[in-house]
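Visitor: My questions all concern the structure below.
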Amino acid sequence: MRENNVDVSIIIPVYNVEKYLHDCLNSVIFQTFKSIEIICIDDGSTDKSLEILKVFAEKDKRIKIFRNSKNKGPGAARNLGISKSTGKYISFLDSDDWIDENCIETCFEIAEKHNLDILMYKLINYEQDNQYFYKTDYYSMNFMNEHVGKIFNAYNFDNNLIFRLQNGPCNKFFLKSLIKDNAISFPEGVIHEDNPFFFKTIYHAKKIMMINEFFYNRRIQSNSITRKNGYEMTDVMEISDLALKFFIENNIYEKIKKNVINYIVSMYKSKFYAIDPKFKLSFYSLMKKRLNKFLYEVN
(Lines give C-alpha, C1' and ligand atoms only; values in the text may rest on other atoms or scores of the structure.)
Protein backbone atom coordinates (compact mmCIF):
# COMPACT_ATOMS: atom_id res chain seq x y z
CA MET A 1 0.00 0.00 0.00
CA ARG A 2 1.21 3.51 -0.79
CA GLU A 3 1.96 6.11 1.86
CA ASN A 4 -1.28 7.96 1.16
CA ASN A 5 -3.17 4.66 1.49
CA VAL A 6 -4.32 4.82 -2.13
CA ASP A 7 -3.18 2.31 -4.70
CA VAL A 8 -5.90 2.87 -7.29
CA SER A 9 -7.74 6.03 -8.35
CA ILE A 10 -11.15 5.36 -9.90
CA ILE A 11 -12.28 8.32 -12.00
CA ILE A 12 -16.00 8.77 -12.66
CA PRO A 13 -17.38 11.63 -14.80
CA VAL A 14 -20.95 12.35 -13.70
CA TYR A 15 -23.60 14.12 -15.75
CA ASN A 16 -27.36 13.81 -15.19
CA VAL A 17 -27.39 10.13 -14.23
CA GLU A 18 -29.53 10.19 -11.08
CA LYS A 19 -31.32 7.00 -12.17
CA TYR A 20 -28.17 4.90 -12.34
CA LEU A 21 -25.61 6.61 -10.14
CA HIS A 22 -26.41 4.47 -7.08
CA ASP A 23 -25.56 1.30 -9.00
CA CYS A 24 -22.31 2.78 -10.25
CA LEU A 25 -21.12 4.05 -6.85
CA ASN A 26 -22.16 0.89 -5.00
CA SER A 27 -20.13 -1.20 -7.42
CA VAL A 28 -17.06 0.83 -6.48
CA ILE A 29 -17.42 1.26 -2.73
CA PHE A 30 -18.06 -2.48 -2.33
CA GLN A 31 -14.97 -3.53 -4.24
CA THR A 32 -13.05 -6.32 -2.52
CA PHE A 33 -9.95 -4.13 -2.90
CA LYS A 34 -10.11 -1.27 -0.38
CA SER A 35 -7.04 0.87 -1.11
CA ILE A 36 -8.84 3.13 -3.56
CA GLU A 37 -9.97 6.71 -3.98
CA ILE A 38 -13.17 7.43 -5.87
CA ILE A 39 -12.84 10.67 -7.83
CA CYS A 40 -16.22 11.90 -9.02
CA ILE A 41 -16.39 14.85 -11.40
CA ASP A 42 -19.84 16.43 -11.48
CA ASP A 43 -19.86 17.85 -14.99
CA GLY A 44 -22.52 20.51 -14.55
CA SER A 45 -25.40 18.16 -13.74
CA THR A 46 -28.87 19.71 -13.58
CA ASP A 47 -30.61 16.74 -11.93
CA LYS A 48 -29.99 15.24 -8.47
CA SER A 49 -26.66 13.65 -9.35
CA LEU A 50 -24.63 16.04 -7.18
CA GLU A 51 -26.95 15.48 -4.21
CA ILE A 52 -26.48 11.74 -4.56
CA LEU A 53 -22.70 12.15 -4.71
CA LYS A 54 -22.74 14.19 -1.50
CA VAL A 55 -24.83 11.57 0.33
CA PHE A 56 -22.39 8.83 -0.69
CA ALA A 57 -19.38 11.00 0.19
CA GLU A 58 -20.69 11.54 3.71
CA LYS A 59 -20.75 7.78 4.24
CA ASP A 60 -17.48 6.91 2.47
CA LYS A 61 -14.53 9.27 2.84
CA ARG A 62 -12.78 7.67 -0.15
CA ILE A 63 -15.19 9.58 -2.39
CA LYS A 64 -13.87 12.95 -3.54
CA ILE A 65 -16.15 15.31 -5.42
CA PHE A 66 -14.99 17.92 -7.91
CA ARG A 67 -17.22 20.11 -10.06
CA ASN A 68 -17.32 21.75 -13.43
CA SER A 69 -19.62 24.78 -13.33
CA LYS A 70 -20.95 23.86 -16.75
CA ASN A 71 -21.06 20.70 -18.82
CA LYS A 72 -17.69 20.26 -20.54
CA GLY A 73 -17.97 16.63 -21.61
CA PRO A 74 -16.26 13.42 -20.46
CA GLY A 75 -12.87 14.39 -21.86
CA ALA A 76 -12.56 17.47 -19.66
CA ALA A 77 -14.01 15.62 -16.66
CA ARG A 78 -11.54 12.76 -16.99
CA ASN A 79 -8.63 15.17 -17.38
CA LEU A 80 -9.65 16.90 -14.16
CA GLY A 81 -9.90 13.51 -12.47
CA ILE A 82 -6.41 12.55 -13.63
CA SER A 83 -4.99 15.82 -12.26
CA LYS A 84 -6.57 15.13 -8.85
CA SER A 85 -5.60 11.45 -8.65
CA THR A 86 -3.02 10.17 -6.17
CA GLY A 87 -3.04 6.42 -6.84
CA LYS A 88 -0.36 4.37 -8.55
CA TYR A 89 -2.98 3.11 -11.00
CA ILE A 90 -5.98 4.74 -12.69
CA SER A 91 -9.26 3.13 -13.67
CA PHE A 92 -12.09 4.90 -15.49
CA LEU A 93 -15.79 4.22 -15.01
CA ASP A 94 -18.77 5.87 -16.67
CA SER A 95 -21.45 6.89 -14.19
CA ASP A 96 -24.28 4.87 -15.76
CA ASP A 97 -22.21 1.66 -15.80
CA TRP A 98 -20.80 -0.59 -13.09
CA ILE A 99 -17.96 -3.04 -12.47
CA ASP A 100 -17.83 -6.44 -10.80
CA GLU A 101 -16.80 -6.43 -7.15
CA ASN A 102 -13.45 -8.17 -7.71
CA CYS A 103 -12.44 -6.08 -10.73
CA ILE A 104 -9.96 -3.73 -9.03
CA GLU A 105 -8.38 -6.39 -6.82
CA THR A 106 -7.76 -8.74 -9.73
CA CYS A 107 -6.38 -5.97 -11.93
CA PHE A 108 -4.10 -4.64 -9.21
CA GLU A 109 -2.64 -8.04 -8.41
CA ILE A 110 -1.96 -8.89 -12.07
CA ALA A 111 -0.56 -5.44 -12.90
CA GLU A 112 1.77 -5.57 -9.90
CA LYS A 113 2.91 -9.13 -10.60
CA HIS A 114 3.83 -8.40 -14.22
CA ASN A 115 4.80 -4.72 -13.87
CA LEU A 116 2.21 -3.74 -16.48
CA ASP A 117 1.49 -0.35 -18.02
CA ILE A 118 -1.98 -1.37 -19.19
CA LEU A 119 -4.22 -4.29 -18.27
CA MET A 120 -7.32 -4.78 -20.40
CA TYR A 121 -10.47 -6.74 -19.68
CA LYS A 122 -13.74 -7.33 -21.50
CA LEU A 123 -17.12 -5.61 -21.44
CA ILE A 124 -20.63 -6.96 -21.44
CA ASN A 125 -23.67 -4.92 -22.52
CA TYR A 126 -26.80 -4.49 -20.46
CA GLU A 127 -29.92 -3.45 -22.37
CA GLN A 128 -31.69 -1.11 -19.97
CA ASP A 129 -35.11 -1.11 -21.64
CA ASN A 130 -35.40 -4.88 -21.85
CA GLN A 131 -33.12 -5.64 -18.87
CA TYR A 132 -30.89 -8.32 -20.30
CA PHE A 133 -27.16 -8.87 -20.79
CA TYR A 134 -25.56 -9.65 -24.13
CA LYS A 135 -22.08 -9.89 -25.60
CA THR A 136 -20.78 -8.42 -28.86
CA ASP A 137 -17.69 -9.16 -30.91
CA TYR A 138 -16.38 -5.62 -30.44
CA TYR A 139 -16.52 -5.63 -26.63
CA SER A 140 -15.68 -9.32 -26.21
CA MET A 141 -12.59 -9.00 -28.44
CA ASN A 142 -12.52 -12.75 -29.00
CA PHE A 143 -9.91 -12.26 -31.72
CA MET A 144 -7.49 -11.68 -28.83
CA ASN A 145 -8.25 -14.93 -27.01
CA GLU A 146 -5.04 -16.69 -28.02
CA HIS A 147 -3.10 -13.73 -26.60
CA VAL A 148 -4.91 -13.64 -23.24
CA GLY A 149 -2.48 -13.61 -20.31
CA LYS A 150 0.51 -12.82 -22.53
CA ILE A 151 2.52 -9.59 -22.36
CA PHE A 152 2.82 -7.52 -25.53
CA ASN A 153 3.19 -3.97 -26.78
CA ALA A 154 2.26 -2.17 -29.98
CA TYR A 155 5.74 -2.63 -31.46
CA ASN A 156 5.96 -6.41 -31.13
CA PHE A 157 2.34 -7.14 -31.96
CA ASP A 158 0.11 -7.35 -35.03
CA ASN A 159 -1.11 -3.81 -35.73
CA ASN A 160 -4.19 -5.21 -37.46
CA LEU A 161 -5.21 -6.48 -34.03
CA ILE A 162 -4.23 -3.27 -32.24
CA PHE A 163 -6.60 -1.31 -34.46
CA ARG A 164 -9.41 -3.75 -33.74
CA LEU A 165 -9.18 -3.34 -29.96
CA GLN A 166 -12.01 -1.65 -28.10
CA ASN A 167 -10.62 1.88 -27.75
CA GLY A 168 -12.53 3.27 -24.76
CA PRO A 169 -10.67 3.80 -21.46
CA CYS A 170 -13.18 2.08 -19.17
CA ASN A 171 -11.99 -1.49 -19.67
CA LYS A 172 -8.35 -0.64 -19.04
CA PHE A 173 -6.30 -0.47 -15.85
CA PHE A 174 -3.57 2.15 -16.37
CA LEU A 175 -0.30 2.74 -14.62
CA LYS A 176 -0.64 6.43 -13.79
CA SER A 177 2.97 7.24 -14.67
CA LEU A 178 2.27 6.06 -18.25
CA ILE A 179 -0.26 8.88 -18.57
CA LYS A 180 1.57 11.56 -16.60
CA ASP A 181 5.11 10.97 -17.87
CA ASN A 182 3.94 11.13 -21.48
CA ALA A 183 1.61 14.12 -20.91
CA ILE A 184 -1.37 12.17 -22.27
CA SER A 185 -4.81 13.71 -21.95
CA PHE A 186 -8.25 13.53 -23.52
CA PRO A 187 -9.27 16.06 -26.17
CA GLU A 188 -11.91 18.36 -24.71
CA GLY A 189 -15.15 19.69 -26.12
CA VAL A 190 -15.58 16.93 -28.70
CA ILE A 191 -17.13 13.47 -28.86
CA HIS A 192 -15.10 10.35 -29.75
CA GLU A 193 -12.39 11.71 -27.43
CA ASP A 194 -11.39 8.15 -26.52
CA ASN A 195 -9.55 7.55 -29.79
CA PRO A 196 -6.43 9.76 -29.44
CA PHE A 197 -6.11 8.80 -25.76
CA PHE A 198 -6.24 5.13 -26.70
CA PHE A 199 -3.55 5.36 -29.38
CA LYS A 200 -1.24 7.45 -27.22
CA THR A 201 -1.42 5.11 -24.24
CA ILE A 202 -1.17 1.95 -26.35
CA TYR A 203 1.86 3.14 -28.32
CA HIS A 204 3.67 4.52 -25.26
CA ALA A 205 3.05 1.40 -23.16
CA LYS A 206 5.88 -1.10 -22.86
CA LYS A 207 3.92 -3.90 -21.23
CA ILE A 208 0.27 -4.62 -22.00
CA MET A 209 -1.88 -7.63 -21.12
CA MET A 210 -5.46 -8.73 -21.67
CA ILE A 211 -7.42 -11.02 -19.36
CA ASN A 212 -10.52 -13.01 -20.23
CA GLU A 213 -12.80 -11.39 -17.66
CA PHE A 214 -16.05 -9.53 -18.37
CA PHE A 215 -15.56 -7.11 -15.47
CA TYR A 216 -17.24 -4.09 -17.04
CA ASN A 217 -21.02 -3.82 -17.31
CA ARG A 218 -21.98 -1.32 -20.00
CA ARG A 219 -25.52 0.05 -19.75
CA ILE A 220 -27.19 0.68 -23.11
CA GLN A 221 -29.84 3.40 -23.09
CA SER A 222 -31.57 5.28 -25.88
CA ASN A 223 -30.24 8.71 -24.82
CA SER A 224 -26.61 7.65 -24.45
CA ILE A 225 -24.01 10.17 -25.70
CA THR A 226 -22.64 7.47 -28.00
CA ARG A 227 -26.01 7.32 -29.74
CA LYS A 228 -26.15 10.98 -30.73
CA ASN A 229 -26.36 11.46 -34.47
CA GLY A 230 -26.36 15.24 -34.85
CA TYR A 231 -23.81 17.63 -36.30
CA GLU A 232 -21.43 16.88 -33.42
CA MET A 233 -20.55 13.67 -35.25
CA THR A 234 -18.32 15.79 -37.49
CA ASP A 235 -15.99 15.84 -34.46
CA VAL A 236 -14.69 12.55 -35.81
CA MET A 237 -12.62 14.53 -38.30
CA GLU A 238 -10.83 16.52 -35.62
CA ILE A 239 -10.32 13.34 -33.63
CA SER A 240 -8.80 11.44 -36.56
CA ASP A 241 -6.54 14.44 -37.24
CA LEU A 242 -5.26 14.31 -33.65
CA ALA A 243 -4.52 10.60 -33.95
CA LEU A 244 -2.77 11.12 -37.28
CA LYS A 245 -0.69 13.96 -35.83
CA PHE A 246 0.46 11.69 -33.01
CA PHE A 247 1.52 8.94 -35.40
CA ILE A 248 3.45 11.35 -37.61
CA GLU A 249 5.18 13.24 -34.79
CA ASN A 250 6.30 10.00 -33.16
CA ASN A 251 7.61 8.44 -36.38
CA ILE A 252 5.02 5.69 -36.27
CA TYR A 253 2.95 6.56 -39.33
CA GLU A 254 5.08 5.00 -42.09
CA LYS A 255 5.18 1.67 -40.21
CA ILE A 256 1.41 1.46 -39.81
CA LYS A 257 0.28 3.55 -42.78
CA LYS A 258 -2.25 1.03 -44.07
CA ASN A 259 -3.83 0.66 -40.65
CA VAL A 260 -4.14 4.43 -40.21
CA ILE A 261 -5.74 4.90 -43.63
CA ASN A 262 -8.23 2.11 -42.94
CA TYR A 263 -8.94 3.61 -39.50
CA ILE A 264 -9.67 7.09 -40.89
CA VAL A 265 -11.80 5.88 -43.79
CA SER A 266 -13.81 3.48 -41.62
CA MET A 267 -14.39 6.18 -38.99
CA TYR A 268 -15.65 8.62 -41.61
CA LYS A 269 -17.78 5.99 -43.29
CA SER A 270 -19.49 4.79 -40.11
CA LYS A 271 -20.31 8.32 -38.97
CA PHE A 272 -21.53 9.36 -42.41
CA TYR A 273 -24.06 6.52 -42.43
CA ALA A 274 -25.09 7.21 -38.82
CA ILE A 275 -25.48 11.00 -38.93
CA ASP A 276 -28.92 12.57 -39.21
CA PRO A 277 -29.86 12.89 -42.92
CA LYS A 278 -30.17 16.67 -42.66
CA PHE A 279 -26.43 16.88 -41.90
CA LYS A 280 -25.22 14.36 -44.48
CA LEU A 281 -24.43 16.91 -47.19
CA SER A 282 -22.38 19.06 -44.81
CA PHE A 283 -20.63 15.99 -43.45
CA TYR A 284 -19.86 14.75 -46.96
CA SER A 285 -18.38 18.12 -47.95
CA LEU A 286 -16.16 18.25 -44.88
CA MET A 287 -15.18 14.61 -45.29
CA LYS A 288 -14.17 15.16 -48.94
CA LYS A 289 -11.95 18.11 -48.02
CA ARG A 290 -10.29 16.22 -45.17
CA LEU A 291 -9.64 13.12 -47.26
CA ASN A 292 -8.19 15.16 -50.11
CA LYS A 293 -5.90 16.94 -47.68
CA PHE A 294 -4.90 13.66 -46.11
CA LEU A 295 -4.20 11.93 -49.43
CA TYR A 296 -2.24 14.78 -51.03
CA GLU A 297 -0.43 16.35 -48.07
CA VAL A 298 0.34 13.38 -45.85
CA ASN A 299 0.84 10.53 -48.30
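Visitor: Could you identify the single residue in Asp94, Asp42 that is within 16 Å of the chain's Cα centre (by Cα) and over 19 Å from Leu178 (Cβ atoms)?
Guide: Asp94
Visitor: Determine which member of the set Ile110, Ile99 is touching a residue at least 60 places away in the same chain (Cβ under 8 Å) and over 25 Å from Leu21 (Cα atoms). Talk me through it step by step, then tell me what you get.
Guide: Values: Ile99 fails: over 25 Å from Leu21 (Cα atoms).
Exactly one of Ile110, Ile99 is touching a residue at least 60 places away in the same chain (Cβ under 8 Å) and over 25 Å from Leu21 (Cα atoms), namely Ile110.
Visitor: Still on this structure, I have one more. Only residues in the range 193-213 that are farther than 21 Å from Tyr139 by Cβ count as the first member; pair them with residues that are among the aliphatic types (A, V, I, L, M), Cβ under 6 angstrom, at least 6 apart or cross-chain, and list the lot.
Guide: Hits for this filter: Lys200/Ile184; Tyr203/Ala154; Lys207/Leu116; Lys207/Ile151.
Visitor: Those residues that are within 18 Å of Gln221 (Cα to Cα) and either surrounded by fewer than 16 Cβ atoms within 10 Å (Cβ to Cβ) or basic (Lys, Arg) (or both), I need them from the range 98-127; list them, please. Can you show your working first?
Guide: Just the residues of the range 98-127 that are within 18 Å of Gln221 (Cα to Cα), to begin with: 98-99, 123-127.
The answer is Glu127, and nothing else.
Residues are listed down the side, and each one gets a yes or a no for (1) at pLDDT below 95; (2) closer than 26 Å to Ala111 by Cα; (3) among the hydrophobic types (A, V, I, L, M, F, W, C):
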{"position": "Ile11", "(1), (2), (3)": "no, yes, yes"}
{"position": "Val17", "(1), (2), (3)": "no, no, yes"}
{"position": "Ser27", "(1), (2), (3)": "no, yes, no"}
{"position": "Ser35", "(1), (2), (3)": "no, yes, no"}
{"position": "Ile38", "(1), (2), (3)": "no, yes, yes"}
{"position": "Asp43", "(1), (2), (3)": "no, no, no"}
{"position": "Ser49", "(1), (2), (3)": "no, no, no"}
{"position": "Val55", "(1), (2), (3)": "no, no, yes"}
{"position": "Lys64", "(1), (2), (3)": "no, yes, no"}
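Visitor: Another question, if that's okay. Quick check: anything in the range 92-99 touching an Asp or Glu at 6+ places or on another chain (Cβ under 6 Å) and among the aliphatic types (A, V, I, L, M)? Give the derivation first.
Guide: The first filter runs over the range 92-99 and keeps only residues touching an Asp or Glu at 6+ places or on another chain (Cβ under 6 Å), leaving 98.
Going one step further and asking which of them are among the aliphatic types (A, V, I, L, M), we end up with none.
Looking for residues that are touching an Asp or Glu at 6+ places or on another chain (Cβ under 6 Å) and among the aliphatic types (A, V, I, L, M), one finds none in the range 92-99, hence no.
Visitor: Now for a separate question. Within the range 242-299, can you find the residues that are in contact (Cβ under 8 Å) with a residue 40 or more places away in the chain, open to solvent by 70 Å² or more (accessible area, probe 1.4 Å) and under 21 Å from Tyr231 (Cα atoms)?
Guide: Within the range 242-299, Arg290 is the sole residue that qualifies.
Visitor: Could you check how many residues of the range 130-159 are among the polar types (S, T, N, Q), within 19 Å of Phe215 (Cα to Cα) and in a loop (DSSP other than H, G, I, E, B)? Spell out the reasoning first.
Guide: Of the range 130-159, the ones among the polar types (S, T, N, Q) are 130-131, 136, 140, 142, 145, 153, 156, 159.
Among the residues that remain, those that are also within 19 Å of Phe215 (Cα to Cα) are: 131, 136, 140, 142, 145.
Now drop any that are not in a loop (DSSP other than H, G, I, E, B), which leaves 131, 136.
Number satisfying all stated conditions: 2.
Visitor: Could you check Glu193 against (1) at pLDDT 90 or above; (2) open to solvent by less than 60 Å² (accessible area, probe 1.4 Å); (3) over 21 Å from Ile10 (Cα atoms) and say which number it fails?
Guide: (3)
Visitor: Considering the range 56-97 alone, what residues qualify as being assigned to a loop (DSSP other than H, G, I, E, B) and either open to solvent by 30 Å² or more (accessible area, probe 1.4 Å) or among the charged types (D, E, K, R) (or both)? Explain how you work it out, then say what you get.
Guide: Of the range 56-97, the ones assigned to a loop (DSSP other than H, G, I, E, B) are 60-62, 69-73, 85-88, 93-97.
Passing the criteria: Asp60, Lys61, Arg62, Ser69, Lys70, Asn71, Lys72, Thr86, Lys88, Asp94, Asp96, Asp97.
Visitor: Please pick out the residue among Ser35, Ser49 that is over 18 Å from the mean Cα position of the chain (by Cα), over 15 Å from Asp94 (Cα atoms) and of a type in the set (Gly, Ala, Ser). Steps first, answer last, please.
Guide: Numbers: Ser49 fails: over 15 Å from Asp94 (Cα atoms).
From the options Ser35, Ser49, the qualifying one is Ser35.
Visitor: Further question on the same structure: Whether any residue in the range 141-162 is within 13 Å of Asn217 (Cβ to Cβ) and either in contact with a Pro (Cβ under 7 Å, 6 or more places away or on another chain) or touching a residue at least 24 places away in the same chain (Cβ under 8 Å) (or both) is what I want to check.
Guide: Step one: of the range 141-162, the residues within 13 Å of Asn217 (Cβ to Cβ) are none.
Scanning the range 141-162 turns up no residue that is within 13 Å of Asn217 (Cβ to Cβ) and either in contact with a Pro (Cβ under 7 Å, 6 or more places away or on another chain) or touching a residue at least 24 places away in the same chain (Cβ under 8 Å) (or both).
Visitor: Against the definition (in a loop (DSSP other than H, G, I, E, B) and under 16 Å from Thr86 (Cα atoms)), how does Lys34 come out, yes or no?
Guide: Details: in a loop (DSSP other than H, G, I, E, B): yes; under 16 Å from Thr86 (Cα atoms): yes.
Taking the combined requirement at face value, the residue satisfies it.
The values are calculated or read from the model by the stated rules, or taken from the named source; none is laboratory data. Keep in mind the model is a prediction, meaning the values are calculated, not measured. Heads up, the Cβs are rebuilt from the backbone with ideal geometry, glycines too, and the neighbour counts pull from every protein chain shown. Just the protein is used for accessible areas: all its heavy atoms, side chains included, with ligands, DNA and RNA removed. Shrake-Rupley method; radii C 1.70, N 1.55, O 1.52, S 1.80 Å.
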